[in-house]
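A.B. asks: Before anything else, here's the structure in question.
The values are calculated or read from the model by the stated rules, or taken from the named source; none is laboratory data. Note that the structure is a prediction, hence the values are computed from the model and not measured. As a convention, Cβ positions derive from the backbone with ideal geometry for all residues, glycine included, and neighbour counts pool all protein chains shown.
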Amino acid sequence: MQFKHAPAEFVLKENHPLAAVHARGVCIRCTEGRIWITVSGQAEDIFLDAGASWICDGDGLLLIDALDRAQVVIEAPEKKHQLMSAFRRQFAWLGQAGRLYWPGTAGRRSRPA
């Protein structure tokens, strides 16, 4: 799931996580209960109680789960976050294509002579 538009409200039950990808800049607000947020590539998990919010700073898989029962509001990122995420995805793809085309150059930077 990707959050690109108006705020969305979800009621979560424990062990039924909500998953999203490319969520950088998304604001997650816990309006009831307590939620547990984990983002792939980040060492620390986030726990939010009712009334607290958090803005996602990672771009990997995002999981939001309830600790018992919870309600969350998810707001789309500001336009600048959406644009930067799109650029990052495009440059990551170009890097992968370059490694396939020039396999011996992986990890090396060329310097002018």
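A.B. asks: Would you mention how many residues in region 59-74 are surrounded by 14 or more Cβ atoms within 10 Å (Cβ to Cβ) and of a type outside the set (A, V, I, L, M, F, W, C)?
C.D. replies: Adding up the residues that qualify gives 4.
A.B. asks: Output the residues belonging to region 17-38 that are at negative phi and either assigned to a loop (DSSP other than H, G, I, E, B) or of a type in the set (Phe, Trp, Tyr) (or both).
C.D. replies: Pro17, Val21, Ala23, Arg24, Val26, Trp36
A.B. asks: Pull out all pairs, ordered by first then second residue, where Cβ-Cβ is under 7 Å, the residues are six or more apart or on different chains, the first lies in region 49-76 and is closer than 15 Å to Gly33 by Cα and free of Cβ contacts under 8 Å to residues at least 24 places away in the same chain, and the second is acidic (Asp, Glu) and surrounded by fewer than 18 Cβ atoms within 10 Å (Cβ to Cβ).
C.D. replies: Ala50/Glu32
A.B. asks: If we scan region 1-11, do we find a residue that is modelled with pLDDT of 85 or more and of a type in the set (A, V, I, L, M)?
C.D. replies: yes
A.B. asks: Identify, from the list Gly60, Gly95, Gly41, Gly51, the residue that is at positive phi and modelled with pLDDT under 90.
C.D. replies: Being at positive phi and modelled with pLDDT under 90 holds for just one of Gly60, Gly95, Gly41, Gly51, which is Gly41.
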